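Heads up: the structure comes next, in structure tokens.
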Amino acid sequence: MTFKTLARPAGVALAVFAALALRVPGLDAQAADWAQVSDEAIHTLQDYVRIDTSNPPGNTSKTADFLTAIFTREGIPVERYESAPGKVIIVARLKGSGAHKAILLENHMDVVPADKSRWPHDPFGGELIDGAIWGRGSVDMKGLGVIQLYAFLELKRQHVPLDRDVIFMAVPDEEVGGELGARWMIEHHYAELDPEYVLDEGGMGSRDLFAKGKLVFGISVAEKKMLWLRLRVEGVAGHGSEPHNQNPNDKLVKALARLVSEPMPSGDVAVVKTLEAKAGPLETNKFINAITHSTTSLTTLRGGVGEPPKVNVIPSVAEATLDCRLLPGVTKEAWLADLHRRLGDPSIKIEIIYESDDSVVSSQDTPLYKALVAAIERYHPDAIVSPILIPYGTDSNAYRPKGVKSYGIFPAVLPAEIVFSMHGDAERLPAAELGTGIRIMFDALRDTLRE
């Protein structure tokens, strides 16, 4: 493209160049001081982590105020909803031409609890130590929320033409199923969102999580079905000095031993096969195991009388909970039938505590997916980008059954150790990844919005 040079005051010439830089592909990224944006984002994430939103109780009033203040400074109006006392949802919107349905940037403000005594640093200190921001939520998912936030702000700051609305929504309650967060918004205010796309958590880039020695970015397009179960065994109470064969603890432990002694079933999942085809042999770790098998984790065991439980009393009831995650194609009915077989005790009662929607796979043949791939490859030329299945649940699972194309991507390079720190006692995010992550997210949005 050729531009004619005309005689005009220097200030006007600079203004014209700045305006052109907002429109010409390859030049518009220069409109922002990205180093300044990255620094701003680091400080924002530190302050964000310092607000304790542990769930339970998962109060998001302060984080909603915190984010609202940022939008207010930027001149962006915010809608505020309260699904229950302390369960605050905020929605900010950049208006587009309406040529297409909206892109929804969704993130959750609540975090899982943290045992401060087990952490090397304050889990709500937001400290920058050895290049990493430490704290609960730095990865899951306040860090990604900040990346979405600054990509959203740069769309406005750079006056990027929008062919559709872009919505930023921060919700509570994701860590306990989303009933008072995303699912509440879907039930009560879906018409105000009605997105074509959702960008959420799920995938990420890593050099050692997916395949050894290769930089692989996984964009999640599906997740496993969640099935949380309670097992209950009833027996006969008695004195601990007189063992008998109706002790519910004995029956439950024996049944659980049978359950865990048999390997969990694997499956032939197309998305996983695509990852293998692109990346080659997959790593051997708990993440890969979880996306190649249906799984069950024993999460709680309860049995006893009194508080604390009396050592010399045999209880009449024993319970356990199982967190089951099913591969796409595995039905609840088939899983429960096999679980009964594995337990080998028909007297054990199984109660469903929570069940997510069945797994739905989002199409990868879309402008947004292709823009994400292109943006990742622009900043990481050696990257292998692939759709992936994720083992954990996200709010995207509530949108996919409605036909919304939902992608989960934390556009950062994270060592497996950092990925595994989520919900652990050493959660932290390499601060340098924020800046590149924002640029990847911004580029993907900008390029999609110009379609």
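Just so it is clear, none of the values below were taken in a lab; they were calculated from the coordinates. Keep in mind that what you see is a predicted model, and the values were worked out from it rather than measured. Methodologically, a virtual Cβ is constructed for each residue, glycine included, from the backbone with ideal geometry; neighbour enumeration extends over all protein chains shown.
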**Report entry** Angle between the chain longest axis and helix 332-343 axis [Cα atoms, degrees, rounded to 10]
**Finding:** 40
Query raised in the report: In this model, which of K116/K224; K278/K405; K225/K349; K370/K402; K101/K225 are farther than 24 Å apart at the alpha-carbon?
Result: K116/K224; K101/K225
Requested in this report: Determine, from the Cβ-Cβ distance of E234 and D358 and an R0 of 41 Å, the FRET efficiency 1/(1 + (r/R0)^6), rounded to the nearest 0.05.
Outcome: 0.80
Query raised in the report: Between V171 and residues 5 or more places away or on another chain, which pairs have amide H atoms under 5 Å apart, with H built 1.01 Å from N, and which residues are they?
Result: N107, H108, M109
Query raised in the report: Tilt of helix 432-449 relative to the longest C-alpha principal axis of the chain, in degrees (0 to 90, nearest 10)?
Result: 70
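With +1 on each Lys and Arg Cβ and -1 on each Asp and Glu Cβ, and nothing else charged, work out how big the dipole of the chain is about its Cα centre, in Debye to the nearest 20.
Charge dipole, the chain, about its Cα centre: 660 debye, nearest 20.
If you take every residue apart from P123 with its C-beta less than 11 Å away from the C-beta of P123, what net charge results, scoring Lys and Arg +1 and Asp and Glu -1?
That sum, taken over residues with Cβ under 11 Å, equals -1.
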Query raised in the report: Where does each of 426-436, 214-224 land if you order them by average Cβ count within 10 Å, highest first?
Result: 214-224, 426-436
Query raised in the report: Of all trypsin sites (Lys or Arg not before Pro) in region 35-112, which ones are in loop regions per DSSP and have a Cβ with at most 12 other Cβ atoms within 10 Å?
Result: K95
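Pop the C-beta distance of K95 and E262 into the FRET formula with R0 = 51 Å and round what comes out to the nearest 0.05.
Numbers: r = 56 Å, r/R0 = 1.09.
The computed FRET efficiency comes out at 0.35.
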Query raised in the report: How do Y379, Y197, Y407 rank when sorted from fewest to most other Cβ atoms within 10 Å of their own Cβ?
Result: Y379, Y407, Y197
Report summary line: Length gained if E307 through K402 is fully extended, taking 0.36 nm per residue and subtracting the Cα-Cα distance, is 29.6 nm
Query raised in the report: If one takes the longest principal axis of the Cα atoms in the chain, at what angle in degrees, from 0 to 90 and to the nearest 10, does the Cα axis of helix 10-21 lie?
Result: 40
Query raised in the report: In Å, the Kirkwood hydrodynamic radius of region 225-355 over pairs of distinct alpha carbons?
Result: 16.6
Report summary line: Sequence order, region 407-420: Karplus ³J(HN,Hα) from phi using 6.51 cos²θ - 1.76 cosθ + 1.60, θ = phi - 60°, Hz rounded, Gly and Pro as x, gives 10, x, 8, 9, x, 9, 8, 10, x, 3, 4, 6, 4, 6
Query raised in the report: According to a simple spin-label model (label point 7 Å from Cα along Cα-to-Cβ), what is the distance in nm between I350 and E192?
Result: 4.1
Query raised in the report: Quick one: of the DSSP bridges fully inside the chain, what percent are antiparallel, nearest 5?
Result: 65
Requested in this report: Work out from phi, with θ = phi - 60° and the Karplus expression 6.51 cos²θ - 1.76 cosθ + 1.60, the ³J(HN,Hα) of each residue of region 285-296, listed in order in whole Hz, and give x for Gly and Pro.
Outcome: 7, 5, 5, 5, 4, 6, 8, 10, 9, 6, 9, 9
